[in-house]
Amino acid sequence: MKKRERTPKTYARITHPLVRDKKGGPLRRAGWDEALDRAAAGLDAARGSFGMLSCARATNEMNYVAQKFTRVVMGTNNVDSCNRTCHAPSVAGLSAVFGSGGGTSSYGEVDHTDLILMWGSNARFAHPIFFQHVLRGIRNGARMYAVDPRRTSTAEWAESWLGLNVGTDIPLAHAVGREIIHAGLHNTSFIERATTGFEDYAAEVEPWTLAVAEKVTGVPAEAIRDLAHAYARAERAQLCWTLGITEHHNGTDNVRALINLSLLTGHVGRYGSGVQPLRGQNNVQGGGDMGAIPNRLPGFQDILEPDVRSKFESAWNTVIRPEYGMTLTQMFEAMETGDLKAVYCIGENPAQSEADSEQAVERMKKLDCLVVQDIFLTATAELADVVLPATAAWAETDGTTTNSERRVQRVRKAVEPPGEAREDIDIICDLAGRLGHPWKYADAESVWNELRSVSPDHYGMTYERLAEHQGIQWPCPDTDRIEPTYLHGRLWDEDPARRGRLAPFGIVKHDPPVDLTDDQYPIRLTTGRRLDSYNTGVQTGSFASPLRRGEYVELCPEDAERYGVSVGEEVRISSRRGTVQAPVWVDPGLRPGLAFMTMHFPDEVDTNQLTIEANCPIAGTAEFKASAIRIEKLPVSGPVSGSVSGFVSAPAVRS
Amino acid sequence: MTVIPLRLPRRLLEFTLDGQETRVPEGSTILDACRAAGKDIPTLCEGDTLTPKNACRVCVVEVEGARVLAPACSRKAEAGMTVLTDSPRARHSRKIVLELLASSTDLSTTPRAAEWIKEYKAKPDRFGPDAARLDEEPKIDNDLYVRDYDKCIQCYKCVDACGEQWQNSFAISVAGRGFDARISTEHDGPLTDSACVYCGNCIEVCPTGALSFKSEFDMREAGTWNEEIQTETTTICAYCGVGCNLTLHVQENEIVKVTSPHDNPVTHGNLCIKGRFGFQHVQER
């Protein structure tokens, strides 16, 4: 079919600072000194009610300095980033079980495992190079199972696709666990040696028979049984998930339910066996590791530990508040109540990435001072009092980032930034200086060496070694050795002292999506990514992808027929929060009652006006994956052009 | 230096390479042994991240006692064998292969082709102008990459990279047989109607420039492509959390193309559409 007429928005780089003279007035060009003075004055006036939104796309070094700015200069732990909107539940769940928030395996182990369970992850689109490791694993003989409400292109490679109803991951995981126990396939020696709470877990999953689970999840009992037996019998197995698990109001519980399966079978802490959350931003792992989260200091060290605090207090010559700061979610709530008056937002775009985005914008408008440091004038920057032009971390600065397999790798400057744009760390240090903390770092490496001195997990990673080994996975406590590629091998140790803290089973309950479907909103909308686009589209909008067709609402052939709509036809999509308009696409990988959209084109179709801000109470992540919507045919309509019958009459999929 | 994965220790085997006793780990190819010994054997179709296809035959060497010449890229070294890499027979064969390739194909963007033609005294023009295999316009049906099949030597590396060895998209296939064989998409349609996902992993392995970035192609057409002044810097992709390694090729402060280090444990030289082509946003200035 012919491409839809679109006028895609491309973002031009910001090349000089901008300031706003009065609320509601326009942004105007300013010099660096004026802009920094304004920013410093605004932040200074709001000491005690300050929040930092740090950037999961910037370097580890920038995140280290940003959280240090928050804690030392502003005297608060209110620092967070977009990890809150994606994988915070993974970090919360993993650290509750294992004491550490990183995925336990490496990519290379996926090449050599026997079974790969992809749960709530369309890695073929969202993590394509990770998926090459999966494909190599499959070519080497591994069996792959895909659990996803959509029959995605990831699922096309699976031995079995378990197309569950949105928000029924816990019933499915519990049924898998129960089946493993009843078939006697659980790893009793591992459970006894390395875990706690098995009896409670066994009791919790007991009601979830295959028949009950089939009814709730929509997955045939036989398919659940097959998955349970295959996973438990595999010599080695990798359990991978992404936002299909975490972006729910009970995301952390979902993560716990999956980790339970790895504890039940002993599929963790061995080469080739582990659990892997695939992270969505290039440095979301590193941002958290660097302490740009409200509850952890650099090196993922708990802020409530007195010994940890005193180490940082003497290193930084400051006092650290012995309390957790506000999460991103709590910061937005505090903007509403006036408890948060100033925000320093680096490289984040919450005006478009937050669930219920309109509400997020209203809240940010209430701030006394919003300082945005970015490479584009994003929708968030347009709300700012001061805009500071920064460099693109990955191509215009030196530093490091940390990927999903905990590998810290070198980022190197390849091009000069445009205009007056400056490096993030320099800008933060200039602001710190204006607020009474004259920090000087010669370069990114000196920041990194300061981090190494306070983070045991990173101590062994000098820049020289990182270059020599093409990145090193943490933990790396020594400068002369490399640890195994997987975490928590200690759980298999015969010596209880070296085994350390045992891994607790998570006793979690099924809790359906908050936004229930009913007669008024009969369709379940779930969100995700497409291959060639990324998040709110500000980066990907400017390259000419032949695959890109703009935003569509994707429906299954049966629903398209039921609503009498065809490919390209504009429809109105409403949720209990907002209404948007988008053309229809027909995807036979969807099932009746399930629709799919992305947030890649918010300037054309603002999908997040539909999503619900129902947050996971532990991690603060919103339920982007489960909104109830209604589709309405518009009065005057018609397909853009061409024959569309091929799509509408595509073979029906199993419902 | 790269990390050597821990595997069972490999034994060394001994053989004679150009009269010198040489020791290589078992499993090495003759080409591996030559490179370890600092010998420069010409090769076009050998791909370090791909299973050798033995298509170009430029790397042939003489194995004593063997009836035919052996491709160094895929022939494993064996204990006790005697190999001559620069014998008159091997040199003669390479000369003919280069003549055949250069007479039928446009090797103007093939690295080192001119150098080898000179070294082996090959005379491609002795077959006359009729030897040209193709004479077609470069296929430009999208803004990301160009297919210029006049430069294709049919090494099939792109087929393997797009197929089961890496990308598993199977957008690239071979049409025809014998002299009519050529690289194509399914049903020979435009790329935009194919299964192509624009990862560019085929460009990464193409040895002749038959597949190239549109940015490079346009600059070559305009006469502004200048590798001499380009810098190559390896950094990390700005998109998802997999952490792919990108090598940015920069000319006059513009990123002109993106490759990926082949020996990297994350990417093995492969990228997705965003990593390979999604760099433009930093240049919107």
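Figures for the structure shown
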| item | result |
| --- | --- |
| Lysines with Cα under 17 Å of B:K39, excluding same-chain neighbours fewer than 8 positions away | B:K76 |
| Surface accessible to a 1.4 Å probe, per residue, for the residues of the stretch B:151-191, Å² | 46 Å² |
| Summed buried accessible surface, chains A and B, 1.4 Å probe, nearest 100 Å² | 4500 Å² |
| Peptides A:386-394, A:163-171, A:464-472, A:512-520 ordered by average Cβ neighbours within 10 Å, highest first | A:386-394, A:163-171, A:464-472, A:512-520 |
| Value of relative contact order over chain B, rounded to a whole percent, pairs C-alpha under 8 Å and six or more apart | 13 percent |
| Sorted peptide list for B:269-277, A:274-282, criterion being average Cβ within 10 angstrom, highest first | A:274-282, B:269-277 |
| Furthest towards positive pole of dipole, A:A315, A:A351, A:L328, structure part the stretch A:313-364, Cβ charges | A:A315 |
| Peptides ranked, highest mean first, by Cβ atoms within 10 Å: ranges B:140-153, A:17-30, A:79-92, B:69-82 | A:79-92, B:140-153, B:69-82, A:17-30 |
| Karplus-derived 3J(HN,Hα), 6.51/-1.76/1.60, for each residue of the stretch B:11-25, Hz, glycine and proline x | 7, 8, 10, 10, 8, 9, 10, 6, x, 9, 5, 9, 10, 10, x |
| Contact order normalised by residue count of chain A, Cα under 8 Å, 6+ apart, percent | 21 percent |
| Cα-centred dipole magnitude for chain B, charges only on beta-carbon of K, R (+1) and D, E (-1), debye, nearest 20 | 940 debye |
| Cα gyration tensor, chain A - rounded (a/c under 1.5), prolate or oblate | oblate |
| Amide hydrogen neighbours beyond the local backbone of A:R143, cut-off 5 Å, H modeled | A:L115, A:I116 |
| Cβ-placed point charges (K, R +1; D, E -1), dipole of the protein assembly as shown about Cα centre in debye, nearest 20 | 860 debye |
| The stretch A:311-387-the stretch B:65-139 distance, computed between alpha-carbon centres (Å) | 63 Å |
| Nearby lysines by direct alpha-carbon distance to A:K413 (threshold 29 angstrom, same-chain neighbours under 8 apart not counted) | A:K9, A:K68, A:K440, B:K214, B:K257, B:K274 |
| The stretch A:502-590 - percent relative contact order, Cα under 8 Å, separation 6 or more | 24 percent |
| Of all accessible heavy-atom area on the protein assembly as shown, the percent that carbon and sulfur account for (1.4 Å) | 50 percent |
| Helix-only mean residue ellipticity at 222 nm for chain A, each DSSP H run of n ≥ 4 adding -39500 (n - 2.57), per residue, nearest 500 | -9000 deg cm²/dmol |
| For residues of B:161-168, the mean tally of beta carbons on other chains within 10 Å | 3 |
| Under 16 Å from the Cα of B:K118 - lysines, other chains or at least 8 residues apart | B:K95 |
| Other protein chain Cβ atoms within 10 Å, averaged over every residue that makes up A:541-554 | 4 |
| Residue mean of other protein chain beta carbons inside 10 Å, A:494-500 | 0 |
| Centre separation in Å (Cα based) which lies between the stretch A:514-584 and the stretch A:103-126 | 28 Å |
| Positive-end extreme of charge dipole, the protein assembly as shown - chosen from B:G163, A:Y534, A:S106 (charges on Cβ) | B:G163 |
| Length released on extending from B:E119 to B:T51, taking residue separation times 0.36 nm less the Cα-Cα span | 21.7 nm |
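The values are calculated or read from the model by the stated rules, or taken from the named source; none is laboratory data. This is a predicted model, so every value here is computed, not measured. Ideal geometry is used to build each Cβ from the backbone, glycine not excepted, and the neighbour counts take in all protein chains shown. Surface accessibility is based on the protein's heavy atoms, side chains included, excluding ligands, DNA and RNA. Shrake-Rupley method; radii C 1.70, N 1.55, O 1.52, S 1.80 Å.
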